[in-house]
Amino acid sequence: MTLEQFFKQVPRAALAFSGGVDSALLLWAAKAYGCQVRAYYVNTAFQPAFELADAKKLAEELDVPMTVVEVDVLAVPGAAENGPRRCYYCKKALFTALRERAAADGYTVLLDGTNASDDAGDRPGMQALQELEVRSPLRECGMTKDEVRRLSKEAGLFTWNKPAYACLATRVPTGTAIRREMLEKVERGENALFRLGFRDFRVRLLGDAARIQVPTDQMERAAALHDEIIQALGADFSAVLLDLAGR
């Protein structure tokens, strides 16, 4: 099945829209193939501000209406505790809120951007999507991440080469309870590295310290910008460490 065939079968739908590569292509395809679609962005402490900005930008470019749904994810049982099934509890709460809001707007079908490269066995959050009967057109159509990027580039979407981005909660070691100030420090640190020109990196918490992971081809640059990085992150972290294993 192709995306065009999918949207002929599903002519009206709500889309859980993150502003990332996958949901961006899905939003474009829905609009291109005549689906009456509305984007829903769920805003939580786990999402950085740039993701909301990207989502708004693309929805405006595609002329698709977008609703922002606010959720206090740190109040979700099982999420802030940050156990091994944090993603399940988080996804269950967020998509329940999205489904309720979409239903109130008259949408009976909720979509998400899971693609065929995503390993269901390694993603407890996908169990929540199945329980809530969320449909994943990219996965149903057998589209891999590489195909999504290729088609996104052909469609002229600015997201086509956007690095994969996991939520801020993934920067906190499993088993360490998540507090809002932790996420804010990580976001400030990652924003600083963005401004210094780094891409596809992570700032992970290691106690009160920051452990920076950059791709191996950016390692030399990170070492050269040692002083700038320390100056940018030093106020928030007791130490700033470069992970030589890379990313």
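Here G125, G121 are screened, and the one residue that is modelled with pLDDT under 95 and in contact with a helix residue (DSSP H, G or I) (Cβ under 7 Å, 6 or more places away or on another chain) is G125.
This table checks each residue for (1) in the same structural domain as L27 (by TED's automatic domain parsing); (2) under 29 Å from L157 (Cα atoms); (3) among the hydrophobic types (A, V, I, L, M, F, W, C).
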{"residue": "P65", "(1), (2), (3)": "yes, yes, no"}
{"residue": "V76", "(1), (2), (3)": "yes, no, yes"}
{"residue": "N82", "(1), (2), (3)": "yes, no, no"}
{"residue": "F95", "(1), (2), (3)": "yes, yes, yes"}
{"residue": "G113", "(1), (2), (3)": "yes, yes, no"}
{"residue": "R123", "(1), (2), (3)": "yes, yes, no"}
{"residue": "E131", "(1), (2), (3)": "yes, no, no"}
{"residue": "R135", "(1), (2), (3)": "yes, yes, no"}
{"residue": "L138", "(1), (2), (3)": "yes, yes, yes"}
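Based on what the data block shows, is K91 in contact (Cβ under 8 Å) with a residue 12 or more places away in the chain, basic (K, R) and within 22 Å of M143 (Cβ to Cβ)? Considered against the rule, which asks whether it is in contact (Cβ under 8 Å) with a residue 12 or more places away in the chain, basic (K, R) and within 22 Å of M143 (Cβ to Cβ), K91 comes out as yes. Looking across region 97-118, the residues that are in contact with a strand residue (DSSP E or B) (Cβ under 9 Å, 6 or more places away or on another chain), of a type in the set (A, V, I, L, M, F, W, C) and touching a residue at least 12 places away in the same chain (Cβ under 8 Å) come down to A97, L98, A102, V109, L110, L111. Candidates in region 162-184 are the residues that are modelled with pLDDT of 95 or more and under 15 Å from the mean Cα position of the chain (by Cα); of these, the one that is farthest from L25 (Cα to Cα) is L183.
The lone criterion from (1) of a type outside the set (K, R); (2) exposed (fewer than 13 other Cβ atoms within 10 Å of the Cβ); (3) part of a helix (DSSP H, G or I) left unmet by G175 is number (3). Within region 101-127, restricting attention to residues that are among the small types (G, A, S) and more than 16 Å from the chain's Cα centre (by Cα), the residue that is farthest from A29 (Cα to Cα) is G121.
Screening V69, V76, V10 for residues that are farther than 18 Å from V134 by Cα, more than 14 Å from the chain's Cα centre (by Cα) and among the β-branched types (V, I, T) leaves exactly one candidate, V76. Here is a check on your reading of the model: is F198 among the aromatic types (F, W, Y), part of a helix (DSSP H, G or I) and either within 19 Å of the chain's Cα centre (by Cα) or outside the structural domain of W28 (by TED's automatic domain parsing) (or both)? No, not satisfied. Given the criteria among the acidic types (D, E), more than 18 Å from the chain's Cα centre (by Cα), within 30 Å of A79 (Cβ to Cβ) and not assigned by TED's automatic domain parsing to the domain that holds G20, does D236 qualify? So D236 fits the description; yes. Here L98, L58 are screened, and the one residue that is closer than 29 Å to K31 by Cβ, in contact with a Gly (Cβ under 8 Å, 6 or more places away or on another chain) and at pLDDT 95 or above is L58.
Whether any residue in region 103-122 is closer than 30 Å to F198 by Cβ, touching a Lys or Arg at 6+ places or on another chain (Cβ under 7 Å), aromatic (F, W, Y) and in a loop (DSSP other than H, G, I, E, B) is what I want to check. Checked against the condition, which is being closer than 30 Å to F198 by Cβ, touching a Lys or Arg at 6+ places or on another chain (Cβ under 7 Å), aromatic (F, W, Y) and in a loop (DSSP other than H, G, I, E, B), region 103-122 yields no hits at all.
The values are calculated or read from the model by the stated rules, or taken from the named source; none is laboratory data. Because the structure is predicted, anything quoted here is derived from the model rather than measured. Cβ: placed from backbone, ideal geometry, glycine included. Neighbour counts: every protein chain shown.
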